[in-house]
Structures are given as C-alpha cells and as structure tokens.
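Written out below as structure tokens is the structure these notes cover.
The values are calculated or read from the model by the stated rules, or taken from the named source; none is laboratory data. Here the structure is a predicted model, which means the values were calculated and not measured. Neighbour counts are summed over all protein chains in view; Cβ atoms, including those assigned to glycine, are modelled from backbone coordinates with ideal geometry.
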C-alpha cells in the first residue's frame, strides 16, 4: 500500500506526512510531498512534471527519505478517551521530500512509486496543482456593509490564476481600543496584541493554553474608542492578527473559493464584512439580527444540573438523586451519559428487541428491559424523577460506530444510512464519493449523518422520537459536534467541507431541538461545539477540562466571551470533570462562581469504577478531602441558586429583548472603564447583580473593582459605593456579590435564605 492525500486528514492544526505541505503550494516556497507506505515498501520515488507559463514541460524523479509519520492525535492523560487516542498516536513509517514550489503561472503534476524488495512497484494516481501567490487587489474585493473601516489599499488575495483561495485585508486599531469576542475563548478577554483563528475544533482539555476552541465565531467587539464591531460573513476558516504584527492594524485573512479574474478585468467581491457602530450591546444586537437570537428556554434550566459518567445504571442514577434529597441539595436536571449501548446511541444498554433490518425507528413497546439489566425500567425511572421535579437528559454523539464491526441494529442502521443517502461523503480516490469516515481520534472511522439536510436530520432524529414522546426525556446533551474534518467533504447539498464543516454543530443542535419541539417540548440541547448561528439553539457548556485553578480561570474567560458573542445559556463543569478530584477550596470556590453563571452544573469523567471515586458530587468531594465544610457550604450555595431562579429567568427574557447578555463583561455597561480590563474575571448577572468570584488559590482577601453606582453587599446588606477598587474578606462560603441599591428590597430575601 502506498498512499498520498494532498489535504491530509483535514486536522486544522496538525499536518500528516502523507499530505502536501502546505496543501496549497506557495510559488517559490518550500513544498513537502509525502506518502504513507506499508512495511514491504523499501524505496519511494517522486515523479514530478512542471509545466511553465509558456506550456513548456520539465520532468524529474526524486527519491524520498524515511520520516516518522506524524500523529493526528493530541496528548491527553487518563480517562475513557485516552485509550482510544493512544491507538492513533502510535507513530508509523512515512516517506517525504521537500522541493521548491514552481513559479506562479505554472502547474505541477506528480505521483509516487514504491518498490518492494523484489522490485515490484505500487503507484499512486497523478496529482495536479497550481502554485498560488499573493498579490494586491482592489478594495472592492471586500464588500463592506455598514461603516467602511477598511484600510485603503490593504486588500490582497492568494490566487493560482484560476481560483482565489484567500483574501487578506486590514482594519484600523486606535490607541486604547480593546478587541474581544470571537465566540468562546479561554485564554483572555482582550485579545489585542495576539493572533487567533476561527475554526471548530475538539481541544480535549487545556483550551486556554492551546488557544483552540469548540465554539469560535468570526465576530468581534472593538471597545474603548468610538465603539464598533464586525462580522466576517463566512463559515470558512478565518485568521486574525489583532495588533500583534503592527499595533495599529487588525489584519483579517479569510478562506474563500472564487474564480480568479484575468489580469485587467474587474474582480467581483469575494468576502462580505458587516461593520457595526455603537456600544457593545448595539453591536451585539446588530449581529444577532443577522445570525439569530437565543430562544427562551424554560425556567428549570436555571436549576442545578448533575451528572457523572459512572452513573451508568438505573440503580446508580437513583442512588445519586436519593443522596441529593437526603442531603437537601436541590437539583433540577440529571444528565445520563452512559445510558445507551454506545453502538446505536438509541437503545438502552441490555435492552432486548427485534432488529429492524430497514433501519426504521423503534417504539418503546418494542423493547424488553430485563430485571437484572442495567436499566430495568427506564420509563419508571423517568416518571419518578419527574415526580421529584427533576428533568432528564440523555447523551448523544452524531456518529455511527463502525469499530468494532457493527452487529445487530447498529449494522442495520449503518446499511440503511448508506442506502438512504443521509451521510456526509468524501472522495473515494477514483473520482467518485463514498460515505465519510470520522478522521478524529474519538470514535474513529465512524459514519456521520448530514444533519444540515432536513431529510437526513429527520431520518436520524426519528430513531430517537420514542425517547421523547414515550419515555419522557426532556433534552439531549448534544456532544461531539466537531468531527467533520477536511475541505474535501461533500454535504448532501453539494457544499464542500471547507464551507460546511463549521456549520455542522449548529445544524446538529438545531435538529435535536426540532425533534423536541415537534414532540411538544422545549428545545433544550446542551452542546459544547458551535459556530455563528448557535445562539439560537439551546444551551452550551465549556467542554472537557481538568480540575485545576488554571482551568477554572480559563472557563470564566470562556463564559464571558461566549456571552459577548450572543450565547445566553452557558455553563461549565464546575471545578473540572477530569483527573483527580478537586480539593475542597477549588470545589467550593468554583461552586460559588457557578451559582452566578447561566447554567450551574457538575460532571465527572469515566474512571473505570476505580477507587477512590472521582465523582464530583459534594458528598464524594467531602469524603475525599476530609473537609467538613464541603457539604454544608455546597448545600447553602445550591439553595441560593434555587432562590435565584425567578430572577435568572426574568433577566434571560430581558437579555433576549435587549441584546444585553445575561452574564456579561463589565465593558458592556462601562466600555470606557479601565478596571473592566484590569479585573476581567468579574461580571454583571442581569441588570441588578455584580459578581467578583475568587479564582485564585489561597485567597483570604479579594480585590473587587466595583463599577460606578450605588450598591449593597448581598451578604451584609450594607451600602457600598461603586467606581472604586477595594479589598474584602472572602470566607469559603462567600463570593463577593453586590446588588444595585434600588433593587435590594426585591432581592433581599434571595440572599437572606
């Protein structure tokens, strides 16, 4: 076997030996060409044919050298995902060489030949590519809607004579302006002086260090001067140099796909840039008018959410919910992750049923639940939880597993999906298309439905309808929306992956929301991945993280940047979900902060039921830490959250009306206030509350930068003057919270308990 894939796996941050690097050659620049070959191949040769601008051909043969094959995986530690990744992270042999890409205007044809010890040859097909180069372009190449802030003469395009592949242009940055937004960002609130990109990516842990995100958006606020913002109207990947290379310029680069105009002829616009003037709320409102506003979700989403990946039997789910009742910890939702057979993702583990060879949906009556099984009576369980006022959500993944080789209903479903034509596709190497196989390290080689296609989305969600209509499920944790990799993927509407991949998680949540809505329920989905347009589809959490103080701070940045980008219902796995359990101080400080974000929830990763337990329940943290404060403080905070629900629900409605985020950075109300940037991890919660959480280990006194206004300390009822920085004592059962003086009479009882 000898294989060359010009675009590699499609991983946005890692290149494979068997790809072309860069995938789009730059004229005159180094170009690496490589293959992956099976063990019997002992030598590989590159046949290279260059046709210059005058049509003159030249050919040469180049021997390739052995190189380690790069891994598409990421470094991870522990947990149920590690073993899956480790299989992909093992290095394999590869072959590569580096040449200088030919000049602009030429074309490059090449193929590889591998020889075994007996001289037998294996060859790839011929590949053809034209090197591209950057050139100046007219400003009209960028269509600006709104105030034209384009720096004159800054537009450049990357083209190969036939297609335009990228466009780059500059926007001005004035002294004192801060650049923020860009979807969910974990590393900072103000990105001025840095560079980042916008592409959906599954960064398993350490998102703040890696500066990669599940939920990017090509949208930003520029705060501190006149006040403005922008939205690059694209679903393709884009890059932003935010004053890093030149302090007075914001450089935008965007992937495009347009015909290259002949020299001297007019070039049609290939990028649309919406520019909004005004205060942050006005900028966000104009953006939401374009891309969709949040839909109001029921009040119960503001109650505590509880889950653990080891709650994988009915008995364990009920045991944990009984413990909430025993310890007087109010809980509003339980997310059951490990419920399904993890082959179909539609049937409870251990359920007995007849396989439907045509892949048609089952109904609840089709299943028998053995008394000795993991889920002897799921309907009874859901009914009991509903009777306790607890909503039930089930975990999902938008993939059809093909490893190990599927059997039973999973096999029938896969065959039906192929037969019905509801899957994403990829080139088969012979000029045709085949079903796309997941290239990521999680559930590798799985099939993937095209949930942006209405027919395919219905086919997929109808198999889950019984869960909603008959079992009574209230929502879905729509996990893993990041698995559409590669520019050459083909959607059912004909769009390619470079245009469609970032849109997939938006369509994923929308499809499940429509299922719930069609069954008479609120469209409560709980996603980690998203893109422009996700604002209108359910709730979100910040993804997978360790239980560390650093990750705590990263998550707070994520919440504030998400809110600034229009995500209303947001939360995180308080104190982290992975690795050793957090200590008592981290757990309680994170709990206190979580009381004052839109979604309060805890969760824990699967740990193979090893002792000690890694559940993030307060009773387990109390036992593991030996700290007798954990249970009473958690209880007090959870009960406070319960009393806050009416306020949160009312303020969410106001947020939808006004475009002012529910959890919002200080600059939304005070764009010229310097402490909005010197103390970034503080926020308003609705119109009447200001929160300054403790996010540093060992802090007994905490510095608060209180915005202007008349305030009341929520815990003492004492008046506090705003527009100043001061220190307060922060015992473990308190987070600095201030109530606007005018609102104190109506909120006094919330904090009085």
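Odds and ends about this structure:
- With respect to (1) in contact with a strand residue (DSSP E or B) (Cβ under 6 Å, 6 or more places away or on another chain); (2) buried (at least 20 other Cβ atoms within 10 Å of the Cβ); (3) under 21 Å from residue 540 (Cβ atoms), the lone exception for residue 197 is condition (2).
- Restricted to the range 257-373, the set of strands (runs of 3 or more DSSP E) holding at least 2 residues that are surrounded by fewer than 16 Cβ atoms within 10 Å (Cβ to Cβ) and touching a residue at least 40 places away in the same chain (Cβ under 8 Å) comprises 271-277.
- Tally, over the range 608-619, of residues that are surrounded by fewer than 21 Cβ atoms within 10 Å (Cβ to Cβ) and more than 15 Å from residue 319 (Cα to Cα): 5
- Residues that are surrounded by 24 or more Cβ atoms within 10 Å (Cβ to Cβ), assigned to a strand (DSSP E or B) and touching a residue at least 12 places away in the same chain (Cβ under 8 Å) occur at least once in the range 478-493.
- Scanning the range 207-222 for residues that are under 19 Å from residue 170 (Cβ atoms) and either surrounded by fewer than 24 Cβ atoms within 10 Å (Cβ to Cβ) or in contact with a helix residue (DSSP H, G or I) (Cβ under 6 Å, 6 or more places away or on another chain) (or both) gives 219, 221.
- Selection of the range 418-442 for residues being without any contact (Cβ under 8 Å) to a residue 60 or more places away in the chain, buried (at least 21 other Cβ atoms within 10 Å of the Cβ) and touching a helix residue (DSSP H, G or I) at 6+ places or on another chain (Cβ under 9 Å) yields 423, 436.
- The set of residues from the range 593-611 being out of contact with any helix residue (DSSP H, G or I) (no Cβ under 6 Å at 6 or more places or on another chain) and at pLDDT 95 or above comprises 593, 594, 596, 598, 599, 601, 602, 603, 604.
- Qualifying residue in the range 518-536 (condition: in contact with a strand residue (DSSP E or B) (Cβ under 8 Å, 6 or more places away or on another chain) and without any contact (Cβ under 8 Å) to a residue 40 or more places away in the chain): no
- One residue from 48, 33 being modelled with pLDDT of 95 or more, within 17 Å of residue 125 (Cα to Cα), touching a strand residue (DSSP E or B) at 6+ places or on another chain (Cβ under 7 Å) and surrounded by fewer than 21 Cβ atoms within 10 Å (Cβ to Cβ): 48
- When we screen 590, 558, 563 for residues that are within 14 Å of residue 304 (Cβ to Cβ) and part of a helix (DSSP H, G or I), the only hit is 590.
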